[in-house]
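The structure appears below as structure tokens.
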Amino acid sequence: IACLVIYLFAEFDDAANLLAANPDATTISIDEPVEIPKNQHSRLQEPGREEDDELLGTDDSDKTELLAGQKKSAPFWTFEYYQTFFDVDTYQVLDRIKGSVFPVPGKNFVRLYIRSNPDLYGPFWICATLVFTIAVSGNLSNFFIHLGKPTYHYVPEFRKVSIAATTIYAYAWLVPLALWGFLMWRNSKVMNIVSYSFLEIVCVYGYSLFIYIPTAILWIIPQKVVRWVLVVFSLCLSGSVLVMTFWPAVRDDNRRIAVATVATILLLHALLAVGCLAYFFDAPELDLPAPIIPTHNGTTVVTKSQ
Amino acid sequence: FPGLADVSISQDIPVEGEITVPVGSHSPDEDFSTLDEPVKDTIMRDLKAVGKKFVHVMYPKKSSALLRDWDLWGPLVLCVSLALMLQGGSADSKDDGGPQFAEVFVIIWFGAVVITLNSKLLGGTISFFQSLCVLGYCVMPLTVAMLVCRLVLLAGAGTVSFIIRLIVVGAMFGWSTLASTAFLADSQPPNRKALVVYPIFLFYFVISWMILTFTPQ
């Protein structure tokens, strides 16, 4: 893990340099992150409020709020307004995807990668890819599971594409909406240091779904153990991105409400993964290889294969 | 001008003449109105334009002819024929069948619109209908693949036929993607090309998947 962390700091240096070269308004806030790799290493040993400052990004939160206001100044009925949400280059999208798959412990995804430039490209196309990946993988997996049976007739199951699309797009847009409304409401009651805009929450949710794409492809393997290990692994990765993003936003609130909020976020995320696995992928019937079956059942096994 | 110092213009000499500006015909259309031409000429002109674009898709070069005079006849014909050929699959009128006619239509047109919007939002300089035209015409290799698949399925539905169909559909998918990228890639800002090409790849992949998984009753 230390090697991974050091590697990520090196990558982050490159990203900071690239940001410095980019003549964009958001480069004002790069002073802070360049210093972090030097003293973050020592901070990892002492968990405390200093880590939370990194999560909050309090140094540049004011600046980023101002910059966010200045950027989207076109009226919402013009095409230029929506172009501001697609103001990302290829390397930025790839960096954001990398940040969602390899969560750096103690770093906030929004502060680190989004930096008041939320984009809609990532969430939209990651959700579209996930919809088709789940539908195609589910179809392939069912085909391989039922392959040898004489009564099996292959069906493309195209209806499941629309169901998958509805589910995933609803999750990626309605859950952030509810979460944003909830955070706004709590913000009015308790003075929170960190508050996210709606688009930043959509961005985090969209990019956190990326890990499910390779997971869905690997779900083709018809072994229950493998599938559940994949579920837990991907849930840990994307769940940790979400937790590290939203914990600072609710931490100052009532303890119970904060814990309940984070638990609900994780629960919904887990529900999405398990629900997709259960609905789109038929249960594999052979969990154990045949020789392990005890001998008094051996006769029935022999007759089946005949 | 020293020689003209003693020249004076008398009030008696009238200055008159005619000034005409020759009006040349700016475009050949003004010589005759297209309303007067025979119907066969009108139809043949449009058909030739559509045919020329099909040839451009067959041999994709970076020519701007496809982009300049866009039309949506070709995409409509291709989309309808593809959707018709995808009918008659294992439709038990349950949820398990292949895509219905409306689903194919919506996927192709809605997908093309979304990809066009995506490339325009990312800062592309291509116009909306030009991009729709290119994406629609580049469905042609996949329509040919569908035709070949149906013919192969008439012969049998075993493993060999599946491998043949897989190779044909895979090759046509690559051809479609390369053809549309060849036409569309130049109009994008250079550091966002991959962001624009990926949705096109996904679009043709979905259509290829629908073609490959077509199973007759």
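Within region A:137-151, the set of residues being more than 13 Å from chain B (Cβ to nearest Cβ), of a type in the set (S, T, N, Q) and in a helix (DSSP H, G or I) comprises just one member, A:S141.
Results for (1) facing chain A (nearest Cβ under 10 Å); (2) of a type outside the set (V, I, T); (3) under 16 Å from B:L82 (Cβ atoms); (4) not in a loop (DSSP other than H, G, I, E, B), shown as yes or no for each residue.
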| position | (1), (2), (3), (4) |
| --- | --- |
| B:A112 | no, yes, yes, yes |
| B:S161 | no, yes, no, yes |
| B:R165 | no, yes, yes, yes |
| B:V168 | no, no, yes, yes |
| B:S180 | no, yes, yes, yes |
| B:V196 | yes, no, no, yes |
| B:P199 | yes, yes, no, yes |
| B:Y204 | no, yes, yes, yes |
| B:I207 | no, no, yes, yes |
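With (1) more than 14 Å from chain B (Cβ to nearest Cβ); (2) in a loop (DSSP other than H, G, I, E, B); (3) farther than 26 Å from A:W125 by Cβ as the list, and A:F182 as the residue in question, which single condition is left unmet? A:F182 satisfies every listed condition except (2). Of the residues making up region A:161-211, those that are more than 21 Å from A:I257 (Cα to Cα) and among the polar types (S, T, N, Q) are A:S162, A:T166, A:T167, A:S208.
Of everything in region B:182-194 that is small (G, A, S) and closer than 12 Å to B:V134 by Cα, the residue that is farthest from the other protein chains (Cβ to nearest Cβ) is B:A182.
In summary, B:Y137 fulfils each of the numbered conditions (1) surrounded by fewer than 16 Cβ atoms within 10 Å (Cβ to Cβ); (2) touching a His at 6+ places or on another chain (Cβ under 9 Å) with the single exception of condition (1). Residues of region B:170-217 that are aromatic (F, W, Y) and in contact with a strand residue (DSSP E or B) (Cβ under 8 Å, 6 or more places away or on another chain): B:F214 alone. Of the helices (runs of 4 or more DSSP H) that lie entirely inside region A:47-136, those containing 3 or more residues that are modelled with pLDDT of 75 or more, surrounded by fewer than 22 Cβ atoms within 10 Å (Cβ to Cβ) and over 18 Å from the mean Cα position of the chain (by Cα) span A:79-83. Scanning region B:62-96 for residues that are modelled with pLDDT of 70 or more and either part of a loop (DSSP other than H, G, I, E, B) or acidic (D, E) (or both) turns up B:D69, B:W70, B:D71, B:L72, B:L86, B:Q87, B:G88.
Selection of region A:252-283 for residues being in a loop (DSSP other than H, G, I, E, B) and surrounded by fewer than 17 Cβ atoms within 10 Å (Cβ to Cβ) yields A:D252, A:N254, A:D282, A:A283. Please verify whether A:A172 is in a helix (DSSP H, G or I), within 14 Å of chain B (Cβ to nearest Cβ) and within 21 Å of the chain's Cα centre (by Cα), treating the condition exactly as stated. It is false that A:A172 is in a helix (DSSP H, G or I), within 14 Å of chain B (Cβ to nearest Cβ) and within 21 Å of the chain's Cα centre (by Cα).
The values are calculated or read from the model by the stated rules, or taken from the named source; none is laboratory data. Predicted model, so just to flag it, every value in this text is computed and none were measured. Neighbour counts are summed over all protein chains in view; Cβ atoms, including those assigned to glycine, are modelled from backbone coordinates with ideal geometry.
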